[in-house]
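Report on one structure; see the data block that follows.
Computed from the coordinates by the stated procedures, all read-outs in this text should not be read as laboratory data. These numbers were taken from a predicted model, which means no experiment stands behind them. In this analysis, Cβ positions are derived from the backbone assuming ideal geometry, glycine residues included, and neighbour counts consider all displayed protein chains.
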Amino acid sequence: MKNLKRFIKYVGYVGVFIIIILVIALFRPTWTSNIKGDNSISVLEQVEINGTKQQIMIRGRDLNNPVIISVHGGPACSEIPYAAKYEDLLEKDFTIVNYDQRGSGKSYHFNEDYSNLTADVLVDDLLELTDYISKRLGKEKVILLSHSYGTYLGTMAAYKAPEKYETYIGIGQLGNMQESEIDNLNYTISEAKKAGNTEDVKYLEGIAENIYKGEAVAPRDYVGKYGGATRLINMPDGNILGILLSREYNLLDLIRYTSGFKTQAQLVKEVFDKPLPKIVTKLDLPFYFVMGKYDAMTSSNAAKKYFDRIEADQKEFISFEESAHYPQFEEKEKFYKWMCDTFIK
């Protein structure tokens, strides 16, 4: 009896300890690391954009530098938890604004309804955010840099309001989604055959019909397995432990992050139903597509077809030969040099 009481008491202590740890993890303060310098900036905060609070992170060594607004992909895959790690070189010569889109990450609010969220709403948010950042940082124009699904939003924002942007950069650029997913599937099957994984080949060929019809995407776990997501770094998106251990996110933010995935199906369906090549065929500003050679999440082949169709006075298609879907992170030194050579006067 005495041992049982001791055991119950011990379990009670353990339970209280676990509750305390969970509370600390849920509500611990979040911040972004300080950047030294009299004219530097390093802030993580919520601002009201287009009627809802959205999280922004601004980092840079000198506020006189050109400003980049970075539009994350997913949908709903914030890059704030790992941005500082991969953008440290860029922070020397640019001021970089990362933000969690409406319904994503720290911008997900449990009391808001995202069931009717559309790309048009997210584009309107981006345009209003651009105005806010331009005014706050004293810039007439900023550089618009988008990644993956973010290129769907960024391309439309650049099309609607080219006067707001110095240039548009699409990394892992979307073109025709259906064509891209067929390319992605074929790449993955080919790599599975090379590896001699007959079970994977059988599975992928079994789901091919839906992908060819534009009713599904190539399964991202298989794409990643065969090097179509990343090759030189670990996959940054969806890294639960990495997100939780970041300065910028706590456990409550992680719950918000995973809750935001509810919007993915409707937003991806929209990309299939309204492909970019039918929406934007001309851009009235310089633009660049930066693609990883091995990208099997947004196919370089589909991106190049779209690139060739867009009318513009100045455009360039750039291939990073060692990367997959994240060339700006996988080959960050090369990307940093290209950015400086192209935009630092």
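Okay, here's what the table says:
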item: Rounded to whole Hz, the Karplus (6.51, -1.76, 1.60) HN-Hα couplings of region 189-205, x for glycine and proline; result: 4, 4, 5, 5, 5, 4, 7, x, 8, 5, 5, 5, 4, 4, 5, 5, 5
item: Residues Cys340, Cys77 arranged by fewest to most Cβ contacts within 10 Å; result: Cys340, Cys77
item: In region 184-227, the trypsin sites (Lys or Arg not before Pro) that fall in loop regions by DSSP, at most 15 other Cβ within 10 Å; result: Lys213
item: Loop trypsin sites (Lys or Arg not before Pro), region 243-307, which have at most 15 other Cβ atoms in a 10 Å radius of their Cβ (DSSP); result: Arg247, Lys293
item: Ranked Glu140, Glu79, Glu45, Glu331, criterion: other C-beta atoms within 10 Å, fewest first; result: Glu140, Glu45, Glu331, Glu79
item: Alpha-carbon centroids, region 232-301 and region 163-187: separation in whole Å; result: 11
item: Candidate aspartates and glutamates for bridging to Lys92, where Cα separation is under 20 Å - those fewer than 8 sequence places away on the same chain excluded; result: Asp38, Asp62, Glu79, Glu166, Glu330, Glu331, Glu333, Asp341
item: Cα-based reach from Lys193 at 25 Å (exclusive), listing lysines while leaving out same-chain residues under 8 positions away; result: Lys202, Lys213, Lys225, Lys293
item: 18 Å reach of a label modelled at Glu215, 7 Å along Cα-to-Cβ, counting backbone N of region 234-275; result: 265-266, 268-274
item: Label-point separation in nm, Asn39 to Leu63, each point 7 Å along Cα→Cβ; result: 1.0
